[in-house]
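Here, each number is a calculation from the coordinates, and none is a lab measurement. For clarity, every value in this text was computed on a predicted model and none was experimentally measured. Heads up, the Cβs are rebuilt from the backbone with ideal geometry, glycines too, and the neighbour counts pull from every protein chain shown.
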Amino acid sequence: MSSASFLVDRVQLLSRLLLSFWLGAFLAVGALVAPAIFDAAASSAQAGVVAGAVFDRLNIAGFGFAILILGLQRPFFGWMTGLLGFVMLLILLSQMWVTPQIELLREQSGGILVIGTSEYRAFWKWHGISNVIFFAEAIIVTIVLCLNFKENQN
């Protein structure tokens, strides 16, 4: 095995490890942390603030993972670059547009959403959009990880 081939193998392994850790973070936060926050918090408003902070950190970490993984890729342009670039776009969309809408509605309602009001409907609309983005990011990272393993077996 040449030193160049050894280095390529190690870079691919590091990419897979980063993708696996990122996917694990999605699963841990979405399936374990967020539900636990809502079970343990004194109010749903308080839980929403804490969960929002956790999801913000996951988005920031995810953006960092994407940059690291893309920095390791050779050649740089390809399917992985496109998919991870799309995930980065989704993260930016979530952080710059969706989350601010949710926070604004939370502030306007004083943390208490009354069922049937326009704020209530708008909050849950934006929350649903946020969930779709979260799951899309997780699915794409899963696809990238699976394709990365498949590509390296050929």
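May I ask for the longest run of the chain untouched by chymotrypsin sites (Phe, Trp or Tyr not before Pro) that are loop-located per DSSP and have at most 16 neighbouring C-beta atoms (other than their own) within 10 Å? Don't jump to the answer; show the numbers that get you there.
Working: sites that count: PHE76, PHE77.
That gives 78-154 as the longest site-free run.
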## Note on the structure
With x for Gly and Pro, the residue-by-residue ³J(HN,Hα) of the range 99-104, computed from phi through the Karplus equation 6.51 cos²θ - 1.76 cosθ + 1.60 at θ = phi - 60° and given in whole Hz, is 4, x, 5, 4, 5, 4
### Query
If you place +1 on the Cβ of every Lys and Arg, -1 on the Cβ of every Asp and Glu, and leave all else neutral, what size is the dipole of the chain about its Cα centre, to the nearest 20 Debye?
280 debye
### Query
In square nanometres, what is one fourth of the surface area of the convex hull spanned by the alpha carbons of the range 3-153?
9.6 nm²
## Note on the structure
Dividing the mean separation of Cα pairs under 8 Å (6+ apart) by the residue count of the chain yields a relative contact order in percent of 29 percent
### Task
Have a look at THR99, GLN46, GLY71 and report the one farthest towards the positive end of the charge dipole of the chain, computed about the Cα centre with Cβ charges (Lys/Arg +1, Asp/Glu -1).
GLY71
### 3J(HN,Hα) from dihedral phi, the range 80-94, Karplus parametrisation 6.51/-1.76/1.60, rounded to Hz, x for glycine, proline
5, 4, x, 5, 5, x, 5, 4, 4, 5, 5, 4, 4, 4, 5
### Query
Taking the chain as a Gaussian network, where each spring joins two C-alpha atoms under 10 Å apart, which residue of SER44, SER15, SER118 fluctuates the most?
SER118
### Message
For the chain, set up a GNM with springs between Cα atoms under 10 Å and report which of ILE115, ILE91, ILE143 has the largest fluctuation.
### Response
ILE115
